[in-house]
1. Before we move on, is Leu280 in a helix (DSSP H, G or I) and within 24 Å of Gln363 (Cα to Cα)?
2. For the stretch 337-366, name all the residues that are assigned to a loop (DSSP other than H, G, I, E, B) and either in contact (Cβ under 8 Å) with a residue 60 or more places away in the chain or in contact with an Asp or Glu (Cβ under 6 Å, 6 or more places away or on another chain) (or both).
3. Just checking, which of Ser244, Ser203, Ser262 is small (Gly, Ala, Ser), modelled with pLDDT of 70 or more and not in a helix (DSSP H, G or I)?
4. In the list Glu67, Glu72, which residue meets the criterion of being assigned to a strand (DSSP E or B), of a type in the set (Asp, Glu) and at pLDDT 90 or above?
5. Considering only strands (runs of 3 or more DSSP E) fully contained in the stretch 414-522, which possess at least 2 residues that are at pLDDT 85 or above, surrounded by 19 or more Cβ atoms within 10 Å (Cβ to Cβ) and not basic (Lys, Arg)?
6. Got a sec? Which of Thr47, Thr1, Thr41 is open to solvent by 100 Å² or more (accessible area, probe 1.4 Å) and among the hydroxyl-bearing types (Ser, Thr, Tyr)?
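The values are calculated or read from the model by the stated rules, or taken from the named source; none is laboratory data. Please read all numbers here as calculations on a predicted model, not as lab measurements. All Cβ positions, glycine included, derive from the backbone under ideal geometry; neighbour counts span all protein chains shown. Ligands, DNA and RNA are stripped out before the accessible areas are found, and what is left, the full protein with its side chains, is counted by its heavy atoms. Shrake-Rupley method; radii C 1.70, N 1.55, O 1.52, S 1.80 Å.
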Amino acid sequence: TEKEKQLKAWEWRSRLYKRMKAGYEHARAPEAPTNVCLMVTSSTSLTVTFQEPLSVNSAVVTKYKVEWSSSEDFSPVLGEIIMDNLQSLRCSITGLRTGQRYYVHVSAYNMRGWGPPRKSTPAYASPSNWKDCSGREARHRGHTEALERLLQQVRAAHQHYNCRESSKLQNSGRKQSVSRSLKHLFHSSNKFVKILKRGLYLSVIFFYKDNLLVTNEDQIPIVEIDDSHSSSVMQDFLWFTKLSCMWDDIRWLRQNTSVSASSSTALQARQKMLSAAAQLQNLLGTHNLGRVFYEPIKDRHGNMLIVTIREVESLYSFFNGKWMQVSKLQSQRKSLSTPEEPTALDILLITIQDILSYHKRSQQRLPPGLYLGYLKLCSSVDQIKVLVLQKLPNVLCHVKIRDNSNVSKDEWEWIQTLSGSESVESMDHTSDCPTQLFLYELQMAVKALLKQINLPLHQAKHFRLYTQEVLELGHNVSFLLLLPASDDVCTAPGQNNPYTPHSGFLNLPLQMFELGIVACFT
């Protein structure tokens, strides 16, 4: 019995060996990889992408070889990269010379050896960037250094203030601080506003999933800024939005913004905003009040409510607060107004899901790539607004051109000569030059963007590409801009605006748009 078992095992191994031997004798080296694409990704690098061979000739491909040369016949070969990690068929060639023409091909390997190479499309490329154009001077030359010098001066003044304040606090004695703490413990909760009485208010929305932070009286935390507001309140609001970048400096700002009876109305109003922010920080026991919602909530009773939003990592406790589900807060709220004329607080509770959705969407960052953005502005008496998508309000209306965010020198020089959408429409895509694929991708992006804003292609004959610079937002995200005719870029009040879409879009104050860019891409 034992010998029979061994005999069957060896017979099985023999059959397996014969199949393996036949497979090896039948196999051949793999065919060339397919769809070998060459991209310029910086002034010193190229990127190659490719796909598997159409036929592996009965043997699995186990690695690929990328070779490059400055000669079309690859004599000599300047370098090679062996890729044995096949999770991503993408290879970056770095350390190249700017402006040098390079040819690239890719070959596959299996157990029978290397197959024939496949040349890239386009056949060659030169590492470059749009900034390499001759005679071009950087528009922001020296700006970074100047800003850094100003910031150093601010830091020095801030440090001097902190040293002076700490010495004052040491001299004030421990007894006074303890009494303040006890007073804060027993009386601070009474400083939250329960009912709006015609004025300017500040509220905070701290949320975690579907839970909101509320006061011990089951109210959204609100404090009063002023019992009235002036006609220039929108300018004060837009100034206040910048505080979301510097909540830790509220105390320092209050100290350095001294107000007297002779001070301007704007200065007095902004000092009151700083005081309200500091009050909320003290009541909740945290400096970070989140980001300011893009517009204040107004009602017909003369109330205006500025809202800040912050998403927290867990349901940890705050001073004078507890957590409550959004649905429960909305259901138990007893409105003191009529449905026809709700107060700002009622409007806040009714629209709180929309506000939270806006906040979450405004935190999203675009994936790396080159995008075509549509710049459309509209102006009113006291501000300028930018057209953005509701689903992604921190960037312009856009479509993606390609995954590669770099614009090469050749591509940028071609853009300088482009006169409008008709030039894009009439392009010839048959020639195999380095910019040809980019021209096709740009044409497709223009058509997709015009469809997104609901504008027929023939009506966009006066649209232009912005040719002063590529907007590099950071995190390998770049933008080319599509502009309407010069007279239609910014629509004035009462002016007919044929280019603005009507649904799925949002007109965002320019300052709020800038803050969204800063928060997501720096």
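1. Details: in a helix (DSSP H, G or I): yes; within 24 Å of Gln363 (Cα to Cα): yes.
Yes; evaluated as a whole, the condition is true for this residue.
2. If the condition is that a residue be assigned to a loop (DSSP other than H, G, I, E, B) and either in contact (Cβ under 8 Å) with a residue 60 or more places away in the chain or in contact with an Asp or Glu (Cβ under 6 Å, 6 or more places away or on another chain) (or both), then Ser337, Thr343, Gln363, Gln364, Arg365, Leu366 are the ones that fit.
3. On the way: Ser244 fails: not in a helix (DSSP H, G or I); Ser262 fails: modelled with pLDDT of 70 or more.
When all the criteria are applied, what remains is Ser203.
4. On the way: Glu72 fails: assigned to a strand (DSSP E or B).
Selected residue: Glu67, the only one of Glu67, Glu72 that is assigned to a strand (DSSP E or B), of a type in the set (Asp, Glu) and at pLDDT 90 or above.
5. Details: elements: 471-474, 477-483, 505-509.
Filter on the stretch 414-522 gives 477-483, 505-509.
6. Thr1
So that you can scan it fast, the table gives a plain yes or no per residue for (1) out of contact with any Phe, Trp or Tyr (no Cβ under 6 Å at 6 or more places or on another chain); (2) modelled with pLDDT of 90 or more:
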{"position": "Gly115", "(1), (2)": "yes, yes"}
{"position": "Arg118", "(1), (2)": "yes, yes"}
{"position": "Tyr124", "(1), (2)": "no, yes"}
{"position": "Pro127", "(1), (2)": "yes, yes"}
{"position": "Gly135", "(1), (2)": "yes, no"}
{"position": "His140", "(1), (2)": "yes, no"}
{"position": "Thr144", "(1), (2)": "yes, no"}
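Yes/no per residue for (1) in contact (Cβ under 8 Å) with a residue 24 or more places away in the chain; (2) part of a helix (DSSP H, G or I); (3) on the phi > 0 side of the Ramachandran plot; (4) open to solvent by 70 Å² or more (accessible area, probe 1.4 Å):
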{"position": "Ile195", "(1), (2), (3), (4)": "yes, no, no, yes"}
{"position": "Ser230", "(1), (2), (3), (4)": "yes, no, no, no"}
{"position": "Asp249", "(1), (2), (3), (4)": "yes, yes, no, no"}
{"position": "Leu267", "(1), (2), (3), (4)": "no, yes, no, no"}
